[in-house]
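Participant: Mind having a look at this structure? Questions to follow.
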Amino acid sequence: MAGDRYGERGRYAERKIELMFLPGLEDVVLDELADRLPDSAGWRPVPGRQDSIEGYVTGPLAPLLDLTTVVAPFLVLSFPVPRPKSLLEYEYLSVIVAAMREAVDLNRRRPPQSFRIEAAGSDSPVMRALARELEEASGLPEDPADGECVLRLRRTPEQDEGWDALIRISTLPLSARPWRVEGYAAAVNATVAAAMVRVSGPRAEDRVANLMCGSGTLLVERLLAGPAACAVGVDSAQSALAAAADNLEAAGLTDQVDLLETDLRDDEWLRTGPFDCLYADPPWGDKSGRHTENEALHLMLLRRAYAGAAEGARLVVLTHEIRFMERCLRATSDMWRLEYEARIFQKGHHPRIYLLARRDDGPAVSLPEPGAAAASPTAPAPADPDPALPRPTARTGRADAVAAAARRRLAGPRRPN
């Protein structure tokens, strides 16, 4: 029976899971699965979707709730029925209710208080009847707008007949982090921040700097991923640093981070370096910053990050200003080498993650002496003529590991629907 939790002799049965993520992060999600759920198998894209993969998990589902690059995990129940009305039969309805109760059990700290049905024709008589039956059997009231136990219904992909019921096993989307107690304009999505951290290949000996740190999302995700030798957050806005301090406290990380209220053009933050790994999410010009100033801002960021980078350092940048960023990368090609990039689709925006490696044969820099005047910002290089931005011919280091994990997962054996 679809959805049975146990197989023979009480062992966990293999169950089908669907993971939703932001389009463009598939490689990184597969890399995380290789680390956290090495025994899962058969991962492949869901037919017709760019934001989901499906695979099979044997064992408890609780580890799925710890995934950091996934927006939401769903348990997939497939039924050999010709139409949704058949799901009202006890044989099928009881399986759906058992899955809803399992979702409640998995989220004991914050169990769902209601459910909702997401399906075409959710207001139809059949769907209304199904909602009433689920209310009575599960004990959860239906909340069509904000129900926390989400039930999605669809035709089974690539099958002539059949319907799937997908139950979200997390009360809230995994992207809604419990430590985020203070929001901030243009704060980076937590799953994107986690992807940036994973791409960077975090190491315990790293000295970490988050430039333009905002409300601290990247700092929190980096330190939750593993320890660092030191971590510094830099921002010129006192309100941003106050939000970052609150979020770090909620995550239990206050004593692991130094927050500096200073501009990147100033030298105060450089004196705490050099840094092995730097992260930045510069303003995109919509919710914060100004588009007209962003080319100069990106160029300044790349040059100042280089000044604070140790030999062999990595810089990970998230930006929506693709044209500006690529011109600035050309202007700083003697400082940084492009290792990896991923284009993300997020609520009408198409930002990219850039993983850059410091060129150790680049321009010499020296740590400024205390009290020395900060260098004035340099204007961007002319846009034309521009040579093409060199793309990596082969992924190296951490980027290679991400790509290799994706290849392994997608090459794994597929299970029947």
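The values are calculated or read from the model by the stated rules, or taken from the named source; none is laboratory data. Bear in mind that the values here come from a model prediction, so they are computed numbers and not experimental data. Using ideal geometry, Cβ is built from the backbone for each residue, glycine included, and neighbour counts are taken over all protein chains shown.
Participant: Can you tell me which condition Arg207 does not meet? The list is (1) touching a residue at least 60 places away in the same chain (Cβ under 8 Å); (2) of a type in the set (Lys, Arg); (3) crowded, with 24+ Cβ neighbours inside 10 Å, and all the others hold.
Facilitator: (3)
Participant: Within the set of pairs 6 or more residues apart or between chains, which connect a residue that is closer than 12 Å to Tyr184 by Cα inside segment 230-250 to a residue that is assigned to a helix (DSSP H, G or I) with Cβ atoms less than 7 Å apart?
Facilitator: Correct list of pairs: Ala244/Leu219; Asn247/Val220.
Participant: Just one of Pro111, Pro144, Pro60, Pro84 is touching a helix residue (DSSP H, G or I) at 6+ places or on another chain (Cβ under 7 Å) and within 30 Å of Ala190 (Cα to Cα); which is it?
Facilitator: When all the criteria are applied, what remains is Pro111.
Participant: Which of the residues belonging to segment 320-362 are part of a loop (DSSP other than H, G, I, E, B), in contact (Cβ under 8 Å) with a residue 40 or more places away in the chain and of a type in the set (Asp, Glu)?
Facilitator: Correct list: Asp360 only.
Participant: Also: Test of understanding: among Asp27, Asp66, Asp39, which residue is acidic (Asp, Glu) and either in contact with a Leu (Cβ under 6 Å, 6 or more places away or on another chain) or touching a residue at least 40 places away in the same chain (Cβ under 8 Å) (or both)?
Facilitator: Result: Asp27 is the single residue among Asp27, Asp66, Asp39 that is acidic (Asp, Glu) and either in contact with a Leu (Cβ under 6 Å, 6 or more places away or on another chain) or touching a residue at least 40 places away in the same chain (Cβ under 8 Å) (or both).
Participant: Could you list, in sequence order, all residues of segment 68-115 that are touching a Phe, Trp or Tyr at 6+ places or on another chain (Cβ under 9 Å), among the aliphatic types (A, V, I, L, M), farther than 16 Å from Glu135 by Cα and not in a strand (DSSP E or B)?
Facilitator: Within segment 68-115, Val70, Val71, Val81 qualify.
Participant: Something else about it: Among the residues of segment 100-114, write down those that are closer than 18 Å to Leu75 by Cα and either more than 25 Å from the chain's Cα centre (by Cα) or not hydrophobic (A, V, I, L, M, F, W, C) (or both).
Facilitator: Met100, Arg101, Glu102, Asp105, Asn107, Arg108, Pro111, Pro112, Ser114 - these are the residues of segment 100-114 that are closer than 18 Å to Leu75 by Cα and either more than 25 Å from the chain's Cα centre (by Cα) or not hydrophobic (A, V, I, L, M, F, W, C) (or both).
Participant: Check Ala296, Ala242 and return the single one that is in a helix (DSSP H, G or I), at pLDDT 95 or above and of a type in the set (A, V, I, L, M, F, W, C).
Facilitator: After applying the criteria, what remains is Ala242.
Participant: Does segment 131-156 hold any residues that are within 26 Å of the chain's Cα centre (by Cα) and surrounded by 14 or more Cβ atoms within 10 Å (Cβ to Cβ), and which are they?
Facilitator: Once the filter is applied, which keeps residues that are within 26 Å of the chain's Cα centre (by Cα) and surrounded by 14 or more Cβ atoms within 10 Å (Cβ to Cβ), segment 131-156 yields Gly147, Glu148, Cys149, Val150, Leu151, Arg152, Leu153, Arg154.
Participant: While we're looking at this one, here's another question. Condition first: surrounded by 17 or more Cβ atoms within 10 Å (Cβ to Cβ), over 25 Å from Val199 (Cα atoms) and at pLDDT below 95. Can you find one or more residues in segment 268-284 that meet it?
Facilitator: no
Participant: Condition first: more than 28 Å from Leu67 (Cα to Cα) and either modelled with pLDDT of 95 or more or among the small types (Gly, Ala, Ser) (or both). Now tell me which residues in segment 142-172 satisfy that.
Facilitator: Selection gives Gly162 alone.
Participant: Taking Asp360 and the conditions (1) surrounded by fewer than 21 Cβ atoms within 10 Å (Cβ to Cβ); (2) modelled with pLDDT of 95 or more; (3) under 30 Å from Pro227 (Cβ atoms), which numbered condition does it fall short on, given that it satisfies the others?
Facilitator: With respect to (1) surrounded by fewer than 21 Cβ atoms within 10 Å (Cβ to Cβ); (2) modelled with pLDDT of 95 or more; (3) under 30 Å from Pro227 (Cβ atoms), Asp360 is out only on (2).
Participant: Test Asp105 against the stated conditions and say whether it is of a type in the set (D, E, K, R) and either under 24 Å from Lys85 (Cα atoms) or surrounded by 19 or more Cβ atoms within 10 Å (Cβ to Cβ) (or both).
Facilitator: Against the criterion (of a type in the set (D, E, K, R) and either under 24 Å from Lys85 (Cα atoms) or surrounded by 19 or more Cβ atoms within 10 Å (Cβ to Cβ) (or both)), Asp105 does not qualify.
Participant: In segment 238-255, which residues are buried (at least 16 other Cβ atoms within 10 Å of the Cβ) and not aliphatic (A, V, I, L, M)?
Facilitator: Passing the criteria: Asp246, Asn247.
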